[in-house]
Each structure stands twice: as structure tokens, then as C-alpha cells.
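**Student:** One structure follows; several queries about it will come next.
The values are calculated or read from the model by the stated rules, or taken from the named source; none is laboratory data. None of these values were measured; they are calculated from a predicted model. Cβ placement follows ideal geometry from the backbone for every residue including glycine, while neighbour counts extend to all protein chains displayed. Areas reflect the complete protein model, heavy atoms only, side chains present, ligands, DNA and RNA absent. Shrake-Rupley method; radii C 1.70, N 1.55, O 1.52, S 1.80 Å.
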Amino acid sequence: MASFAMTQSASAFAGRVQFAAPVKQTTSRAAMPAVAGKLAKAADFRGLSPEEIDKEVYTCKRALFDLRLKKAIRQDYKSSEFKVNKKKVAVLLTIKREKEIAEGITMRESRKMNKKASVRANAF
């Protein structure tokens, strides 16, 4: 935030407080601390197999659940982790869909495969 220097003038406004021009901020954005977690880059995940992508998505969604739980029971948590995990999930799912498109899998087939995989995972 900009800070203002207070001055008093000897003109007709004597006794009134006037504000001088704002002082320019001396620190740069580069010197400021980074976000709590590292934002995910797509290039970091392009080499993963679809199974590894699914595991990463699961871990991120689990982390989001844990953060919501901490928030609900009023424990300490880093609110910036919500953004980091949500973006990571989005990047992972986008990469997974790009790989499916490259293989020629339609959206309908993709949903069908995901549904079958979730049923298999929940089977005892």
C-alpha cells in the first residue's frame, strides 16, 4: 500500500492537513515470497502414464478433502493450498484428456471407461 506524508501549508489553508504525493513502493514483486505450494506445470506431468495421472489426481483430491476438513474443524491450514491443488487436478485431467484425444478416444468412450474403472475400484 502506498503511504502518504502529512504536511501543513502556510497558505490560506493554514491549520488544515494536506497530503503529499504517495511514496513509491521500493520492493519489487520478485522479492516477495512465493505461494505456499508450487503451482503445477503441464510439462511436469506429460511423461506420466494414465494410471500415474489417476493416482496424482486422487492424492490431490484427497488433499482438498483434508483441507476442507481442517477448515470445518477450525484447525490451522494454508488457504492457498486450495488453489494449488485445484489447479493441479485441472492440469492433470487436461493432460489425461489430451492423451485420450491423441489415441482417438471420443468423450463418450472416455466417460464409459472412467465409469467402468470406478466400478472396478469400488468392487470388493
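**Student:** Just checking, does region 105-112 include any residue being of a type outside the set (D, E, K, R), open to solvent by less than 70 Å² (accessible area, probe 1.4 Å), closer than 24 Å to Lys41 by Cα and assigned to a helix (DSSP H, G or I)?
**Tutor:** Yes: one or more hits.
**Student:** Further, regarding this structure: Only one of (1) at pLDDT below 95; (2) part of a helix (DSSP H, G or I); (3) over 27 Å from Asp44 (Cα atoms) is not met by Lys70, so which one is it?
**Tutor:** (1)
**Student:** Within region 44-87, count every residue that is under 25 Å from Ser110 (Cα atoms), without any contact (Cβ under 8 Å) to a residue 12 or more places away in the chain and open to solvent by less than 80 Å² (accessible area, probe 1.4 Å).
**Tutor:** Qualifying residue count for the region: 3.
**Student:** Check region 27-42 and report whether any residue there is hydroxyl-bearing (Ser, Thr, Tyr), modelled with pLDDT under 95 and in a loop (DSSP other than H, G, I, E, B).
**Tutor:** The answer is yes, given that some residue of region 27-42 is hydroxyl-bearing (Ser, Thr, Tyr), modelled with pLDDT under 95 and in a loop (DSSP other than H, G, I, E, B).
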